[in-house]
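Accompanying notes for the structure given below.
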């Protein structure tokens, strides 16, 4: 049997997958891109040795990254997606009828092209008229922009290498400045099982820029540690509250999941003060 | 680097762990027992090639297996624990002051002895006066017993090999008969990510014996698929409701976690009717 063994420097459990076929494997200007087929997960996209999405379970991540912030915003019109070259995040954003414009900022054009070819149901929204693709650094795009964006969604690789610039104090400050008064920001922040210290660091760095900061989780089998966390920041609105009634078609996300995904408040406080006990 | 590679025939992702030392490795009458040390998880107990508990994260599983049913029962006095030779489940049961008697039914005495030696903080409750150890088949213990037990907790290995007898219609019927009117039953039922069909099968088999059947989950990094499920059965009481006010010391479980651990009702119905969409 041919095995793909994941190369995640921070994961205390190493994951490996059966490979039925290698469909694509090439280095882009930025990273090593591979697509392989697995009997359970279908096609799997790998960047620099780490699994990004699989056909079978990508919706857990994409739905949970997008719908919490877009449903707690009263009327999101202009959305920025940074990273997420596979297009799954953009696809979910477009489910919200209020959205008029999506700036889709992906540094690596090759990821977009690979996704269009091998993951058409994930990349499906990329050609929508509301989407403007810009192949550039997300930090450059938001820098100097002022108060016209309703939501910024960061869908990057793990917090290593060139993705690190998307987790700095300067980046968070620039995002806060480009958001309108009711604006919302969300980013992945690794696993509560494996990377608790990183989660806390992202939260604390965000608190220097956003008056409201919170944390929610989702179970994602293909990300190391699985109990995956998302960090939300906003200028005033509480992301735990749902402010929209329109229904969107989802497989995992629902209003009940929205509410139960956030850590209980006392657990959240214990996490931030280092008193979680594990 | 020395690696332990887990042998789980049902898992589409294979997990492997760094081994800093092998502390114990012997075949018992029933299974292969190993204890190794890992830099992140501390000591790890392995039965027949599958990780059972780790020092670092065992409390997620043990707390969630025990406190949902014991806190939804109004006054649990007599409890049966089947399996769980490491003692972690018994330790959690004993945190409830109402409990007067614990029948601890573990088929493999060697697991108890290995745990006492290598996991003293997990095995800590085994010597308590309220605990009666019986090294026998759990199915034999409950057979023919009538209506005097408040909770039965099954803490077995995966649903393969000799543990299979703990997931049959006959076994569930015997448990229902040994439970008092307000009695509660809980058992592990594998991962919602990896073993959805098994989860549904356990649920449906339980419905043939219990008027009330439900499902909740917890994030457990060291069990394949991680999004771990627990199946609850009762004669009348809804396990989603908390009926006790006494506080117990826990690291993960809390009343908020109790409520959010259950699947939203519509997702639960879609799971059972095969309409989950994944």
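The values are calculated or read from the model by the stated rules, or taken from the named source; none is laboratory data. Keep in mind that what you see is a predicted model, and the values were worked out from it rather than measured. Quick reminder, even Gly has a Cβ in these numbers, built from the backbone with ideal geometry, and neighbours come from all protein chains shown.
Yes or no, residue by residue, for (1) in a helix (DSSP H, G or I); (2) at pLDDT 95 or above; (3) touching a strand residue (DSSP E or B) at 6+ places or on another chain (Cβ under 6 Å); (4) not assigned by TED's automatic domain parsing to the domain that holds residue A:241:
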residue: A:40; (1), (2), (3), (4): no, yes, no, yes
residue: A:46; (1), (2), (3), (4): no, yes, yes, yes
residue: A:75; (1), (2), (3), (4): no, yes, no, no
residue: A:86; (1), (2), (3), (4): no, yes, yes, no
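Within region B:171-189, the set of residues being touching a residue at least 60 places away in the same chain (Cβ under 8 Å) and within 30 Å of residue A:222 (Cα to Cα) comprises B:186, B:188.
Among the conditions (1) under 30 Å from residue A:26 (Cα atoms); (2) assigned to a helix (DSSP H, G or I), the only one that residue A:172 does not satisfy is (1).
Can you give me the number of residues within region A:258-273 that are under 23 Å from residue B:268 (Cα atoms) and out of contact with any helix residue (DSSP H, G or I) (no Cβ under 8 Å at 6 or more places or on another chain)? Number satisfying all stated conditions: 0.
Applying the set (1) in contact with a helix residue (DSSP H, G or I) (Cβ under 8 Å, 6 or more places away or on another chain); (2) within 14 Å of chain B (Cβ to nearest Cβ); (3) modelled with pLDDT of 95 or more to residue A:154 leaves exactly one unmet item: (2).
Looking only at residues that are within 10 Å of chain A (Cβ to nearest Cβ) and modelled with pLDDT of 95 or more in region B:267-278, which one is nearest to residue B:75 (Cα to Cα)? That would be B:267. Residues in region B:166-181 that are over 17 Å from residue B:78 (Cβ atoms) and either under 15 Å from the mean Cα position of the chain (by Cα) or surrounded by 18 or more Cβ atoms within 10 Å (Cβ to Cβ) (or both): B:166, B:167, B:171, B:172.
Please determine, by comparing only the residues of region B:190-206 that are more than 9 Å from chain A (Cβ to nearest Cβ), touching a strand residue (DSSP E or B) at 6+ places or on another chain (Cβ under 7 Å) and closer than 30 Å to residue A:15 by Cβ, which one is surrounded by the fewest Cβ atoms within 10 Å (Cβ to Cβ).
Going residue by residue through region B:190-206, those that are more than 9 Å from chain A (Cβ to nearest Cβ) are B:190, B:195-206.
From the residues that got through so far, the ones that are touching a strand residue (DSSP E or B) at 6+ places or on another chain (Cβ under 7 Å) too are B:190, B:198-199, B:202-203, B:206.
Of the ones still in play, those that are also closer than 30 Å to residue A:15 by Cβ are B:190, B:198-199, B:202-203.
Details: B:190: 26, B:198: 18, B:199: 22, B:202: 24, B:203: 20.
Among those residues, the one meeting the criterion is B:198.
Filtering region A:86-94 for residues that are over 26 Å from residue A:139 (Cα atoms) and surrounded by 19 or more Cβ atoms within 10 Å (Cβ to Cβ) leaves an empty set. In this structure, is residue B:59 part of a helix (DSSP H, G or I) and either within 11 Å of chain A (Cβ to nearest Cβ) or modelled with pLDDT under 95 (or both)? Taking the combined requirement at face value, the residue satisfies it.
Residue B:24 meets each of the listed conditions (1) farther than 19 Å from residue B:111 by Cβ; (2) away from chain A (no Cβ under 14 Å) apart from (1).
Determine whether residue A:240 is within 14 Å of chain B (Cβ to nearest Cβ), touching a strand residue (DSSP E or B) at 6+ places or on another chain (Cβ under 7 Å) and either free of Cβ contacts under 8 Å to residues at least 40 places away in the same chain or within 15 Å of residue A:212 (Cα to Cα) (or both). For residue A:240, the condition - within 14 Å of chain B (Cβ to nearest Cβ), touching a strand residue (DSSP E or B) at 6+ places or on another chain (Cβ under 7 Å) and either free of Cβ contacts under 8 Å to residues at least 40 places away in the same chain or within 15 Å of residue A:212 (Cα to Cα) (or both) - is met.
Screening B:234, B:254, B:209 for residues that are in contact with a strand residue (DSSP E or B) (Cβ under 6 Å, 6 or more places away or on another chain) and either facing chain A (nearest Cβ under 9 Å) or farther than 19 Å from residue A:218 by Cα (or both) leaves exactly one candidate, B:234.
Taking the criterion of being without any contact (Cβ under 8 Å) to a residue 40 or more places away in the chain, within 14 Å of chain A (Cβ to nearest Cβ) and surrounded by 19 or more Cβ atoms within 10 Å (Cβ to Cβ), the residues of region B:27-56 that qualify are B:36, B:38.
Residues that are touching a strand residue (DSSP E or B) at 6+ places or on another chain (Cβ under 9 Å) and either free of Cβ contacts under 8 Å to residues at least 24 places away in the same chain or part of a loop (DSSP other than H, G, I, E, B) (or both) within region B:146-158 comprise B:147, B:148, B:156, B:157, B:158, listed in sequence order.
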